[in-house]
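Q: Can you keep this structure in mind? I'll have questions shortly.
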Amino acid sequence: MTKSKIQKRGGKRVLIVRLDRIGDVLLSTPVIKAVRDVCPDGHIAFMVRRYAKDILEGNPYLDEVIVYEKTGRERGFFRNLGFVRHLRRKKFDIALILHPTKRTHLLVSLAGIPETVGYNRKWGFLLTTRIPHSKQYGLKHEIDYTLDILRYTGLEPRDKTLYMPVNSHSESKVDELLRTSGIAKDDLCVAMNPGASCPSKRWKPDKFAKVADALIERYGAKIVVVAAEADKGLGDRIASLVKKDCVNLSGRTSVADVASVLRRTKLFISNDSGPVHIACAVGTPVIAIFGRHDRGLSPTRWGPTGWHDAVLHKDVGCIECLAHNCARGFKCLEAVTADEVLTAAAKILGK
């Protein structure tokens, strides 16, 4: 059998790099296992932003998590130069860059890694092996786009399963939070996430609240709202609109905590965002609400991957998506109704 570039490089020290959001990093976890399958004795490291490290710490196929930060006290020329020296001392044999950015390509190039593989975009000329970039067409899932990098090296991955580690501290914290909030382990618990990276992806809080009220009335569901600190206002708004009590954890949970919450829930209702993929990784059914009529941001590329998941996405006739500059009041999101979410929920819950 022909060896891949990874194996030809000895497979001794492999660096995987992805410096974007938590969902993107989680969708890249099948790469880690695929590399481990062909390099059982190698040293595999993953370079990631600090806010995404919970996705990787505790992954059994990974030896090291390298945190790179480009903001705050760690920004600047000399800090970056120190980081490059740090990478250089680790003497990696090959680097796999899963998401192209100028900064990533420059850092890896300056680190002197002999073989660098990634997409030919944003200073792709710095790579030793360049793969044609077509992610913007959204023809397949992001999981496959990341695995294509391995395929290009001659390695055929056998498993696309996402992996989210269990954090014992988060498990204890969430158990206590839910217990003191009156949620028992056998309750029908539904989590909601109103946050997303762009206003063009955010379904309105009043619609989430309408769904929450109906789930409480019809099924006796216990509602838990999760949202990042940046989206705390959206979570607080839902909590203020729900007619009966719900548990509002907005701004109170780490990434690992969110995974622990979702392990306890029977259903997760969310905008297109990273926690959707956390839910998939821990086996919680998802209803994902998508806006944006853009092939590169479509559910085909970014949708949930579970067998029982549902996607709600409406085409309202936009020729070009202007994202947060939308001049039509985000009609794609407005077109998704609370009743449609409730119909999807009934199907998933078997009610």
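The values are calculated or read from the model by the stated rules, or taken from the named source; none is laboratory data. Bear in mind the structure is a predicted one, so any value in this text is a computation, not a measurement. FYI the Cβ positions are ideal-geometry reconstructions off the backbone, even for glycines, and counts take in every protein chain you see.
Q: Restricting attention to segment 54-83, report how many residues are hydrophobic (A, V, I, L, M, F, W, C) and at pLDDT below 95.
A: Going through segment 54-83 one residue at a time, the tally reaches 4.
Q: Could you tell me which residue of segment 209-238 is nearest to G182 (Cα to Cα), considering only residues that are buried (at least 19 other Cβ atoms within 10 Å of the Cβ) and small (G, A, S)?
A: Of everything passing the filter in segment 209-238, A221 is nearest to G182 (Cα to Cα).
Q: Take H133 and tell me if it is under 19 Å from H43 (Cα atoms) and either among the aliphatic types (A, V, I, L, M) or not in a strand (DSSP E or B) (or both).
A: For H133, the condition - under 19 Å from H43 (Cα atoms) and either among the aliphatic types (A, V, I, L, M) or not in a strand (DSSP E or B) (or both) - is not met.
Q: Would you confirm, using the coordinates I've provided, whether S298 is farther than 17 Å from V211 by Cβ, crowded, with 17+ Cβ neighbours inside 10 Å and at pLDDT below 95?
A: Taking the combined requirement at face value, the residue satisfies it.
Residue-wise test of (1) touching a Lys or Arg at 6+ places or on another chain (Cβ under 6 Å); (2) touching a residue at least 60 places away in the same chain (Cβ under 8 Å); (3) not β-branched (V, I, T).
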| position | (1), (2), (3) |
| --- | --- |
| G42 | yes, no, yes |
| G58 | no, yes, yes |
| D63 | no, no, yes |
| F78 | no, no, yes |
| R88 | no, no, yes |
| L98 | yes, yes, yes |
| K102 | yes, no, yes |
| L106 | no, no, yes |
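Q: Looking at (1) in contact with a strand residue (DSSP E or B) (Cβ under 7 Å, 6 or more places away or on another chain); (2) not in a helix (DSSP H, G or I), find the lone condition where K160 falls short.
A: (1)
Q: Restrict the check to segment 277-294 and report whether at least one residue is among the hydroxyl-bearing types (S, T, Y), surrounded by 18 or more Cβ atoms within 10 Å (Cβ to Cβ) and out of contact with any helix residue (DSSP H, G or I) (no Cβ under 6 Å at 6 or more places or on another chain).
A: no
Q: If only one of D206, D186 is surrounded by fewer than 14 Cβ atoms within 10 Å (Cβ to Cβ), at negative phi and outside any helix (DSSP H, G or I), which one is it? Before the answer, list the steps.
A: Numbers: D206 fails: outside any helix (DSSP H, G or I).
After applying the criteria, what remains is D186.
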